[in-house]
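In what follows, a single structure is set out as structure tokens and then discussed.
The values are calculated or read from the model by the stated rules, or taken from the named source; none is laboratory data. Predicted, not measured: the structure shown is a model, and the values here were computed from it. Heads up, the Cβs are rebuilt from the backbone with ideal geometry, glycines too, and the neighbour counts pull from every protein chain shown.
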Amino acid sequence: MAVTAESALLEAVRAQPVPAHVAIIMDGNGRWATRRGLPRVAGHREGVKAARAIVRAADTLGLRYLTLYAFSTENWSRPSDEVDALMEIFVETIERELPDLAREGVRTRFIGRRDRANPTLRAKIERLEEGTARNERLQLWIAFDYGGRAEIVEATRRIVEEGLDPRDIDENAIGSRLYAPEMPEPDLLIRTSGELRVSNFLLWQLAYTELVFVDTLWPDFGERQLRQALVEYAGRRRRFGGR
């Protein structure tokens, strides 16, 4: 029965339009670890494994863009030992996990601030982006030191600095000055762990995005849960403000 159920779910996904761009708030690493009596960093390391599996699943299911919320501007306020561990995990992930995805044709780019990352991490981010720039199989965006409000503030600041005529300020003027104006707006946002909020993530880009919230903690989120979210998305009727 299990095999039949999995096959039926996969067929249901393939039978419906697949969103081009899925964004995920990967929430619940700390709670996953706490429930098992483990340090929070253990949850973050398990979260990396889940992310790798989801990237491969997204490619298999035909997604073109995947954006993962890895570290927010607010996360800097966490205990220093946890932040230090997270920075170490980011370096390890770029060194050990992402190169395999790059060889499989995944292009990786980062969205958010970089000035607060240490020089080693910043250099690795830049090398990874340069090394995967010609890959076209799946476009992976990683939101690092990212905040939606900060992004809009920065876009507004650029408009002022450039002396743009107020009459020329419209949605295109702001959108073209975001961190990654070439990134398409997400069709679907998934948040794990049961929390029902967007937590300052892609505030501008999520205007007409479909939202799916799941109770699963991120380290336990796998291809099956992704398929289920895609099936739920396929049952939605996107109106974009119309009827």
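Tabulated values for the structure
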| quantity | calculated |
| --- | --- |
| When residues of segment 162-197 are limited to those that are hydrophobic (A, V, I, L, M, F, W, C) and surrounded by 18 or more Cβ atoms within 10 Å (Cβ to Cβ), the one nearest to Trp218 (Cα to Cα) | Ile190 |
| Conditions (1) free of Cβ contacts under 8 Å to residues at least 12 places away in the same chain; (2) touching a strand residue (DSSP E or B) at 6+ places or on another chain (Cβ under 9 Å); (3) among the charged types (D, E, K, R): number failed by Glu171 | (2) |
| Criterion (modelled with pLDDT of 95 or more, crowded, with 20+ Cβ neighbours inside 10 Å, within 18 Å of Phe221 (Cα to Cα) and small (Gly, Ala, Ser)) met by exactly one of Ala51, Ala42, Ala57 | Ala51 |
| Long-range neighbours under 6 Å by Cβ, at least six apart or interchain, first residue among the small types (Gly, Ala, Ser) within segment 94-114, second buried (at least 16 other Cβ atoms within 10 Å of the Cβ) and modelled with pLDDT of 95 or more | Ala102/Thr132; Gly105/Asn135; Gly112/Ala143; Gly112/Phe144; Gly112/Asp145; Gly112/Tyr146 |
| Filter result (in contact (Cβ under 8 Å) with a residue 40 or more places away in the chain and more than 19 Å from His21 (Cβ to Cβ)) within segment 115-154 | Arg116, Asp145, Gly147, Arg149, Ala150, Ile152 |
| Residue in segment 201-210 that is farther than 26 Å from Thr60 by Cβ, without any contact (Cβ under 8 Å) to a residue 40 or more places away in the chain, exposed (fewer than 13 other Cβ atoms within 10 Å of the Cβ) and not aliphatic (A, V, I, L, M) present | yes |
